[in-house]
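The values are calculated or read from the model by the stated rules, or taken from the named source; none is laboratory data. These numbers were taken from a predicted model, which means no experiment stands behind them. Here the Cβ is made from the backbone with ideal geometry for all residues, glycine too, and neighbour counts use every protein chain on show. Side chains are part of the model used for accessible areas, which takes the heavy atoms of the whole protein and leaves out ligands, DNA and RNA. Shrake-Rupley method; radii C 1.70, N 1.55, O 1.52, S 1.80 Å.
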Amino acid sequence: MTKFLNLLRDNRNYRYTWMGQVVSEIGDHFNNIAVFSLAVQTTHSGMVVSGVLLARAIPAVLAGPLAGVTLDRLNRKQVMIASDLIRAVVALAFILTVKGHSTGLLYVLSALLMLASPFFTSGRASILPSIATDDELHTANSLTQTTQWTTLAIGAFLGGASVMQFGYNWAFVGNSVSFVFSALCISRLFLPGRGFRPPRRDLNETDVVRPWHEYVEGLRYMRSVPLILGLVMVNVGWATGGGAAQILFTVFGEMVFNRGPYGLGLIWGCAGVGLVTGGGLAYAFSRRLSFAQYKRAVVVCYIVHGGAYILFSQVKSFRWALVFIWLSRAGVGVSSVMNMAQLLRHVPDQFRGRVFATMETTVWSVMMISMLLAGVASQYWDPRTIGTIAGGLSSMTAIYWGWADLAGRLPEPPNDGVEPDEIEIHGEPTV
């Protein structure tokens, strides 16, 4: 905890990034609880949750390549601010869905919200090694992810309670304001020299009009580094069941346990607490792990994650369901912090935008299929059966990763993630 506080006190750029993250992500989860609850209450169908999630997934997939190339071409700070301001307007427009009970408008606005999202989320990951020194990077990565999950827990708990108490409009207004606050925080970031523009060769006419070639260049880089390719496959394996899990959270809270928005908030909140727990564990021990021990730890994490999710889907007691969803997400939290640390350590600056955007796009692509299948299956199968299948699919990641490790297919790449000229000079901007 002392290192976290020291980082926030001493590193001005990270402090502003963190402040924006806290407020905007709490607002996001207010929005999530409100949208999912409104959708289910309007239609009484798990399929509509699948529809909302698919409406978010498809734009995220389509925007990913463009976001990656944009972030590796332009000023990442300015791209992130633009993303925040666009999302602020869209988030406020969700108010129109309350009185009209328009499911179609929920789909459209959810799509627009996610269309702008990869430009910010991948941008934040891309600038992290630039605003934190090599010594700070482990702490910054852990705090960023732990904060993400803490805000999930807080936002879900408060979102469920506030929707019950104050209605849906409050959640949508709060989400819009949170994006404006985030944009103000990002506007305060400063780096000397080239600032937040990535290093790259001069653009020629072909590069300008054919950005797809730059994206393919990023794909070639990812394929050439076995560890990066392996982490992509880990995300794919998790997402085969992870997409269904996103739908089942709402189905279990609203329809299986019949707890309404408050119960939905409790499930998402306990999932967030589990992620925070996992993130804390990873911060405590992962830096002391050798690369070989890290790879073995990933196997354990995904076995715990999938097995606990199966138990969550089968127990009759709501309290035990909360315990097992906490344990399941704790496994994800540990692996996520460790995997992100490897990416930050090994991916060169000129490829960061494309790598992080591609990872996000890949996850959303597979989750989209998983969501669609789970939504259709929810019309015919019991949710508990679907949950068992989802947990089993997510655990399959452990088999792939373990085989690749034993076969010697995951060697450690060189540390290219942090360059000497990217170390932040602390203090206020001079220009």
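Brief remarks follow.
- Considering the range 91-101, and only residues there that are outside any helix (DSSP H, G or I) and open to solvent by 40 Å² or more (accessible area, probe 1.4 Å), the residue that is farthest from Gly64 (Cα to Cα) turns out to be His101.
- Selection within the range 324-353 - open to solvent by less than 10 Å² (accessible area, probe 1.4 Å) and among the basic types (Lys, Arg): Arg352
- Only one entry in Leu66, Leu53, Leu92 is under 27 Å from Gln350 (Cβ atoms) and touching a residue at least 24 places away in the same chain (Cβ under 8 Å), namely Leu66.
Yes/no matrix, rows are residues, columns are (1) open to solvent by 10 Å² or more (accessible area, probe 1.4 Å); (2) touching a Leu at 6+ places or on another chain (Cβ under 8 Å); (3) under 15 Å from Ala67 (Cβ atoms):
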residue	(1), (2), (3)
Val108	yes, no, no
Leu115	yes, yes, yes
Ser122	no, yes, yes
Ser130	yes, yes, no
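- Residue pairs meeting the criteria (Cβ under 9 Å; at least 6 apart or on separate chains; first closer than 23 Å to Lys99 by Cβ, in the range 20-41; second among the polar types (S, T, N, Q) and not in a helix (DSSP H, G or I)): Ala39/Ser45
Residue-by-condition table, conditions (1) open to solvent by 10 Å² or more (accessible area, probe 1.4 Å); (2) modelled with pLDDT of 90 or more; (3) in a helix (DSSP H, G or I):
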position: Leu112; (1), (2), (3): yes, yes, yes
position: Ser126; (1), (2), (3): no, no, yes
position: Ser142; (1), (2), (3): no, no, yes
position: Thr146; (1), (2), (3): yes, no, yes
position: Trp149; (1), (2), (3): yes, no, yes
position: Ile154; (1), (2), (3): yes, no, yes
position: Phe157; (1), (2), (3): yes, no, yes
position: Gln165; (1), (2), (3): yes, no, yes
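- Subset tally (residues that are modelled with pLDDT of 90 or more, out of contact with any Leu (no Cβ under 9 Å at 6 or more places or on another chain) and not hydroxyl-bearing (Ser, Thr, Tyr)) for the range 385-408: 11
- The set of residues from the range 226-246 being open to solvent by less than 10 Å² (accessible area, probe 1.4 Å) and either more than 17 Å from His305 (Cα to Cα) or of a type outside the set (A, V, I, L, M) (or both) comprises Leu227, Ile228, Gly230, Gly241, Gly242, Gly243.
- Yes/no for Met371 being crowded, with 20+ Cβ neighbours inside 10 Å and either basic (Lys, Arg) or closer than 16 Å to Ala297 by Cβ (or both): no
- Matching entry among Gly260, Gly265 (being open to solvent by 10 Å² or more (accessible area, probe 1.4 Å), in contact (Cβ under 8 Å) with a residue 60 or more places away in the chain and of a type outside the set (Val, Ile, Thr)): Gly260
- Contact annotation: residue pairs with Cβ atoms under 6 Å, 6 or more positions apart or on different chains, pairing a residue in the range 177-204 that is of a type outside the set (A, V, I, L, M, F, W, C) and open to solvent by less than 40 Å² (accessible area, probe 1.4 Å) with a partner that is assigned to a loop (DSSP other than H, G, I, E, B) and modelled with pLDDT of 85 or more, are Pro198/Asp72.
- Boolean, Trp381 is farther than 30 Å from His346 by Cα, modelled with pLDDT of 85 or more and aromatic (Phe, Trp, Tyr): yes
- Matching entry among Ala88, Ala55 (being modelled with pLDDT of 85 or more and either among the hydrophobic types (A, V, I, L, M, F, W, C) or open to solvent by less than 10 Å² (accessible area, probe 1.4 Å) (or both)): Ala88
- When Arg73 is tested against (1) closer than 30 Å to Leu137 by Cα; (2) in a helix (DSSP H, G or I); (3) open to solvent by 10 Å² or more (accessible area, probe 1.4 Å), just one condition goes unmet, and that condition is (2).
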